[in-house]
1. Under the condition of being open to solvent by 30 Å² or more (accessible area, probe 1.4 Å), outside any helix (DSSP H, G or I) and touching a residue at least 24 places away in the same chain (Cβ under 8 Å), which residue from the range 349-367 is nearest to ligand 1 (Cβ to nearest atom)?
2. What is the residue count in the range 7-45 for residues that are more than 18 Å from Val140 (Cα to Cα) and of a type in the set (Lys, Arg)?
3. Can you go through Asp21, Asp28 and tell me which one is part of a loop (DSSP other than H, G, I, E, B), open to solvent by 30 Å² or more (accessible area, probe 1.4 Å) and out of contact with any strand residue (DSSP E or B) (no Cβ under 7 Å at 6 or more places or on another chain)?
4. Pick out the one residue from Ala247, Ala211, Ala230, Ala215 that is away from ligand 2 (no atom under 16 Å from the Cβ), in contact with a Ser or Thr (Cβ under 6 Å, 6 or more places away or on another chain) and touching a residue at least 24 places away in the same chain (Cβ under 8 Å).
5. Take the residues in the range 306-324 that are crowded, with 24+ Cβ neighbours inside 10 Å and not in a loop (DSSP other than H, G, I, E, B), then tell me which one is farthest from ligand 2 (Cβ to nearest atom).
6. For the condition touching a residue at least 40 places away in the same chain (Cβ under 8 Å), away from ligand 2 (no atom under 16 Å from the Cβ) and assigned to a helix (DSSP H, G or I), what is the one hit in Arg151, Arg188, Arg118?
7. What are the residues in the range 267-305 that are in a helix (DSSP H, G or I), within 16 Å of ligand 1 (Cβ to nearest atom) and free of Cβ contacts under 8 Å to residues at least 40 places away in the same chain, if any?
8. Here is a check on your reading of the model: is Leu75 within 19 Å of Glu153 (Cα to Cα) and open to solvent by less than 10 Å² (accessible area, probe 1.4 Å)?
Amino acid sequence: MSFKRLSEVDVRGKRVFIRADLNVPQDDAGRVTDDMRIRASVPGIRDALSRGAAVMVTSHLGRPTEGEWTAQASLAPVGARLSELLGVPVPLVRDWVEGGAWNTSLEPGQVVLLENCRFNKGEKKNVDELARKLAKLCDVYVNDAFGTSHRAEATTHGIAKYAPVACAGPLLAAELDALGRALADPQRPLVAIVAGSKVSTKLTILRALAAKVDALIVGGGIANTFILAAGGNIGKSLAEPDLVGEAKAILDEFSGKVPIPVDAVVAKEISPTAIAELKAIENVQPDDRIVDLGPTSVAALKMIVGTAGTIVWNGPIGVFEIDAFAGGTRALAEAIAASHAFSIAGGGDTVAAIAKFGVADRIGYISTGGGAFLEFLEGKELPAVAILETRADG
Ligand code: ADP
Ligand code: MG
């Protein structure tokens, strides 16, 4: 992948437009409950400011109706937190598409936050007229939002066509470097773990991955679908019976690479008070729910992880939020942390599991993107990255 990086661009005295991903979770009062994404965007903003740029930052937040400002989707709480982190005032600008005094009077070393870009009509549809107006606001466009790079929108794609210079910010560049290292020319054996609850979206990824990897470990609802495909019992477990054919096709083609779980932790219901029982798959009853992999299955996957050269992980292998069902995911997280392999993990709940088990600092790279991470694994082109590549020499 070849694209221009912010670090290579001389931004002194330039107006720099940064598309960040500041789409943070908030409580009912609008308070930011997890500022990871805001903190992650700080290095790019700080770099541009410290090198004498006049900086504007925008992001989407939630899914507002285009053309209608609402307090609920306002970036105001994000701006307050960003200001604390940067240690400088971060004024919030509304109705900014047409430019004006806020744009022409922005001085080097100053930063403004441009209100939620999804308030602008045409953002999601990547309307060309909007994209041209956005490009006029800046001398340098910086995409630092990996999490939305799988979507072609006006601030992630259209603007990059028309801005005088278009480049990747440090967060986006680091993501692409890490993903490229894991998948383009990986140290082998390459092991992928795909688990969690979004079965149908992730099953499509498996076929693309199965062809690339040396071992494919399945967990969660995906493992249950594979157990069904292999003729095993899953009772009332989460699975996608419609996709058993797809799972069978993957097993026919790649069976040696995909170990099927042989035992599981089961419960009659998914609740913190439920009784967890350990069962061989052949003893799973019609009213059982598989909530975690069992110790024999976990030992087998730890062996595979232990010899890996590269590990790609998406999805908890059990209902890790409930302690009685968390053993498999904990063991997996610890095995990845202990391994000498380059490891990369992504997905909202996967990152939560990594935090819960305290292994974040021993994972090679933690991706900030959910959907974009999965699409990259699937081998799809990320439109916001592709457009930067076409501008690499511009
Ligand atoms: P990510 O956000 O990392 O991409 P997902 O959203 O696909 O992961 O899945 C995470 C969820 O999957 C967790 O809330 C976890 O409780 C759930 N899960 C894992 N295994 C099972 C299972 N066997 N049955 C039901 N839910 C499961
Ligand atoms: Mg999730």
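The values are calculated or read from the model by the stated rules, or taken from the named source; none is laboratory data. Predicted model, so just to flag it, every value in this text is computed and none were measured. Neighbour counts run over all protein chains shown; Cβ positions are idealised from the backbone, glycine included. For accessibility, only protein heavy atoms count, side chains too; no ligands or nucleic acids. Shrake-Rupley method; radii C 1.70, N 1.55, O 1.52, S 1.80 Å.
1. That would be Tyr365.
2. First, pick out the residues of the range 7-45 that are more than 18 Å from Val140 (Cα to Cα): 22-40.
Among the residues that remain, those that are also of a type in the set (Lys, Arg) are: 31, 37, 39.
Number of matching residues: 3.
3. Details: Asp21 fails: open to solvent by 30 Å² or more (accessible area, probe 1.4 Å).
Selected residue: Asp28, the only one of Asp21, Asp28 that is part of a loop (DSSP other than H, G, I, E, B), open to solvent by 30 Å² or more (accessible area, probe 1.4 Å) and out of contact with any strand residue (DSSP E or B) (no Cβ under 7 Å at 6 or more places or on another chain).
4. Unique residue meeting the criteria: Ala247.
5. Ile311
6. Being touching a residue at least 40 places away in the same chain (Cβ under 8 Å), away from ligand 2 (no atom under 16 Å from the Cβ) and assigned to a helix (DSSP H, G or I) holds for just one of Arg151, Arg188, Arg118, which is Arg118.
7. Pro295, Ser297, Val298
8. For Leu75, the condition - within 19 Å of Glu153 (Cα to Cα) and open to solvent by less than 10 Å² (accessible area, probe 1.4 Å) - is met.
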